[in-house]
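The structure appears below as structure tokens.
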Amino acid sequence: MPTSQELAEASDKLEEMAEAQEEAENDLDSLASSLKKNFVIRSEHEIVSEVCKEYKINATQAKKMVEAFPPKYTFYDQSIPDVIKTLRKERRGLKGDSREKMAKSIDTLIEGYSEHLEKCLDSIYWLNPYKQTVRKMGFKETDLIKLHSLKSADERRAVVDVLCKYWEAELDRNEVNYGRIYAQLDKEMKMAKSEYKKLVKEIPDTILRKSIKDKTKEFILKQVCAEQGISARQIHDRMPLQLHNRNSWNTIAKISKELDIVSLEGRYYKVNSEIKKNIWAYTAAFIDSDGYITMDRKHNPRVGLIATGERGKAFMQEIHKAIGFGKLHLDQKSPQDTRPVNRLNFYSQDDVYNLLTKCLPHFRMKKGNAKLLLELVRIKKGYKKEPWYKERCDEIFKLMKWENHRDHVGYDFAKEGIYIDDIQKYKDNCKMSLMDEREQIGVVL
């Protein structure tokens, strides 16, 4: 049975899947708005041709915009409804806090899955005007996959006609009192709902089966996640015969790019999915564990992340690409002459301020350092002429030393002119509130 941690991971995956569609959905939003101006049920081919002309892109790119659909989600090879059903049975035997925790985990899973289904429904652009009616019909994820597979105008019109019959009958029923006409309209609604379910059922189940390409993607992803640094040859050798005969090293390399798998010198790495889900939370956690927030003696702010080896190199490259700024230093020699060191450093005041502002809510260990550096940057950018500028910068330097070395047994604070009795005084002298007040009234000297 899945643990609470695994349930939380499942919920995170659902959110990640929804976020993975965000970029495609933005394109679909603009596409949908243009289609709604003159909404007519048309075939997929007609829609793709129109998108090619309007956006001046090729057919392959247009199909990606039009055919975007969230991937089917399973947990331990089970559908989410089956997992929830199993968990509810297990909950019956629990009591007290354990039962409440299980209930919260189930609620979280249901909430995430509901959002996933909404994303699936939103992706069927030709049903957008009828979403409210589709919800009343009731549906499963497999039903939405079937509806998404309808490409011809006639097939789509058949579904829309049934939805309109239901909508019109419901509209009329709400206008009359309970009686013979009410009952007749209610019957029409039930007939329309039955006809809709029949249409969905008649769509072949073959589309629910995984294609060879989907199976190949799934296999490659599992292999890379299980063994970081695996090569294309090793992946190919481990493939079952059905996949082995239809793939080569080159196809594995191409598919790996589609899956956002990092390739370094022929070795494949799958970077933690948290990077894409919330880059600032991930970066904050990285800085907390394997990074630093400090300043030099000239009061210049410094923030950095450090990782070793090939896997660390992949992590640094992905974080740098996701953040979009900072200086990347790869394959540096380590002091102990062991594995190469890879660093992502932030030197400029703008980069440091931007990074720490976004990461601040997520820090656990170095939040104090981050707040000090944010204060320093604000002072240096707008308050250099203040009489307290130099004195406060010196205080921040001492506080930073205190934050970085207070757990180091035997560290000589007196050498830096730092005394424990002064620490609280320095903290109380924070200028953030003063700067806030001045900036609110527009008096920044």
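The values are calculated or read from the model by the stated rules, or taken from the named source; none is laboratory data. Note that the coordinates shown come from a computational prediction; the quantities given were computed from them, not determined experimentally. Counting neighbours? That spans all protein chains shown, and the Cβs are built from the backbone with ideal geometry, glycine included.
If you take the residues in the stretch 405-445 that are of a type in the set (K, R) and assigned to a helix (DSSP H, G or I), which one is surrounded by the fewest Cβ atoms within 10 Å (Cβ to Cβ)?
Let us first name the residues in the stretch 405-445 that are of a type in the set (K, R), namely 406, 415, 425, 427, 431, 438.
With assigned to a helix (DSSP H, G or I) added as a condition, the list becomes 415, 425, 427, 438.
Working: K415: 8, K425: 10, K427: 14, R438: 16.
Among residues in the stretch 405-445 that are of a type in the set (K, R) and assigned to a helix (DSSP H, G or I), the one surrounded by the fewest Cβ atoms within 10 Å (Cβ to Cβ) is K415.
Checking K276 against (1) in a helix (DSSP H, G or I); (2) of a type outside the set (A, V, I, L, M, F, W, C); (3) touching a helix residue (DSSP H, G or I) at 6+ places or on another chain (Cβ under 8 Å); (4) at pLDDT 85 or above: exactly one of these is not met. Which one?
(4)
So S231 passes all but one of these: (1) small (G, A, S); (2) crowded, with 17+ Cβ neighbours inside 10 Å; (3) over 24 Å from the mean Cα position of the chain (by Cα). Which condition number does it fail?
(2)
Inspect all residues belonging to the stretch 195-211 and state whether any of them is in contact (Cβ under 8 Å) with a residue 24 or more places away in the chain and within 23 Å of the chain's Cα centre (by Cα).
no
State whether the residues of the stretch 333-343 include one that is at pLDDT 90 or above, among the basic types (K, R), assigned by TED's automatic domain parsing to the domain that holds E416 and surrounded by 15 or more Cβ atoms within 10 Å (Cβ to Cβ).
Checking the stretch 333-343: at least one residue is at pLDDT 90 or above, among the basic types (K, R), assigned by TED's automatic domain parsing to the domain that holds E416 and surrounded by 15 or more Cβ atoms within 10 Å (Cβ to Cβ).
Among the candidates T338, T294, which residue alone is assigned to a loop (DSSP other than H, G, I, E, B) and among the polar types (S, T, N, Q)?
T338
Do we find a residue being more than 24 Å from K210 (Cα to Cα), part of a helix (DSSP H, G or I) and of a type in the set (K, R) anywhere in the stretch 61-82? So that I can check it myself, show each step before the final result.
First, the residues of the stretch 61-82 that are more than 24 Å from K210 (Cα to Cα): none.
No; the residues of the stretch 61-82 include none that is more than 24 Å from K210 (Cα to Cα), part of a helix (DSSP H, G or I) and of a type in the set (K, R).
For every residue, the table says whether it meets (1) touching a strand residue (DSSP E or B) at 6+ places or on another chain (Cβ under 7 Å); (2) at pLDDT below 75; (3) among the β-branched types (V, I, T); (4) within 17 Å of S149 (Cα to Cα).
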| position | (1), (2), (3), (4) |
| --- | --- |
| I47 | no, no, yes, yes |
| Q61 | no, yes, no, no |
| K64 | no, yes, no, yes |
| A68 | no, no, no, yes |
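Among the residues of the stretch 121-141, are any of a type in the set (K, R), closer than 30 Å to A192 by Cβ and in contact with a Pro (Cβ under 7 Å, 6 or more places away or on another chain)? Spell out how you get there, then give the answer.
Of all residues in the stretch 121-141, those of a type in the set (K, R) come to 131, 135-136, 140.
Cutting the leftovers down to closer than 30 Å to A192 by Cβ gives us 131, 135-136, 140.
With the extra rule that they be in contact with a Pro (Cβ under 7 Å, 6 or more places away or on another chain), the set shrinks to none.
Looking through the stretch 121-141, none of the residues is of a type in the set (K, R), closer than 30 Å to A192 by Cβ and in contact with a Pro (Cβ under 7 Å, 6 or more places away or on another chain).
Which ranges mark the helices (runs of 4 or more DSSP H) fully within the stretch 202-250 that have 2 or more residues being closer than 27 Å to K313 by Cβ, hydrophobic (A, V, I, L, M, F, W, C) and not assigned by TED's automatic domain parsing to the domain that holds E141? Lay out the reasoning, then the answer.
On the way: elements: 212-226, 232-238, 241-244.
Per the criteria, 212-226, 232-238.
Determine whether A169 is among the small types (G, A, S) and buried (at least 18 other Cβ atoms within 10 Å of the Cβ). Show your work before the answer.
Numbers: among the small types (G, A, S): yes; buried (at least 18 other Cβ atoms within 10 Å of the Cβ): yes.
It is true that A169 is among the small types (G, A, S) and buried (at least 18 other Cβ atoms within 10 Å of the Cβ).
Can you find a residue that is out of contact with any helix residue (DSSP H, G or I) (no Cβ under 7 Å at 6 or more places or on another chain), at pLDDT 90 or above, on the phi < 0 side of the Ramachandran plot and in the same structural domain as K327 (by TED's automatic domain parsing) anywhere in the stretch 398-411?
There is no residue in the stretch 398-411 that is out of contact with any helix residue (DSSP H, G or I) (no Cβ under 7 Å at 6 or more places or on another chain), at pLDDT 90 or above, on the phi < 0 side of the Ramachandran plot and in the same structural domain as K327 (by TED's automatic domain parsing).
Keeping to the stretch 344-357, report how many residues are surrounded by fewer than 16 Cβ atoms within 10 Å (Cβ to Cβ) and assigned to a helix (DSSP H, G or I). Give the derivation first.
As a first pass, look at the stretch 344-357 and keep what is surrounded by fewer than 16 Cβ atoms within 10 Å (Cβ to Cβ): 347-348, 350, 357.
Checking which are assigned to a helix (DSSP H, G or I) leaves us with 350, 357.
Total satisfying the criteria: 2.
Has the stretch 392-404 got at least one residue that is assigned to a helix (DSSP H, G or I), touching a residue at least 12 places away in the same chain (Cβ under 8 Å), basic (K, R) and within 30 Å of I279 (Cα to Cα)?
Checking the stretch 392-404: at least one residue is assigned to a helix (DSSP H, G or I), touching a residue at least 12 places away in the same chain (Cβ under 8 Å), basic (K, R) and within 30 Å of I279 (Cα to Cα).
For E395, indicate whether it is closer than 17 Å to L373 by Cα, within 40 Å of the chain's Cα centre (by Cα) and not small (G, A, S). It would help to see each step written out before you state the result.
Working: closer than 17 Å to L373 by Cα: yes; within 40 Å of the chain's Cα centre (by Cα): yes; not small (G, A, S): yes.
Considered against the rule, which asks whether it is closer than 17 Å to L373 by Cα, within 40 Å of the chain's Cα centre (by Cα) and not small (G, A, S), E395 comes out as yes.
Mind listing whichever residues of the stretch 214-226 are surrounded by 14 or more Cβ atoms within 10 Å (Cβ to Cβ) and either among the acidic types (D, E) or free of Cβ contacts under 8 Å to residues at least 24 places away in the same chain (or both)?
The answer is E218, Q223.
What's the number of the condition M1 fails, among (1) under 25 Å from D214 (Cβ atoms); (2) at pLDDT below 80; (3) not in a helix (DSSP H, G or I)?
Evaluating M1 over (1) under 25 Å from D214 (Cβ atoms); (2) at pLDDT below 80; (3) not in a helix (DSSP H, G or I) leaves (1) as the failure.
Name the single residue that is surrounded by the fewest Cβ atoms within 10 Å (Cβ to Cβ) among those in the stretch 362-391 being free of Cβ contacts under 8 Å to residues at least 40 places away in the same chain and out of contact with any helix residue (DSSP H, G or I) (no Cβ under 8 Å at 6 or more places or on another chain).
Result: P387.
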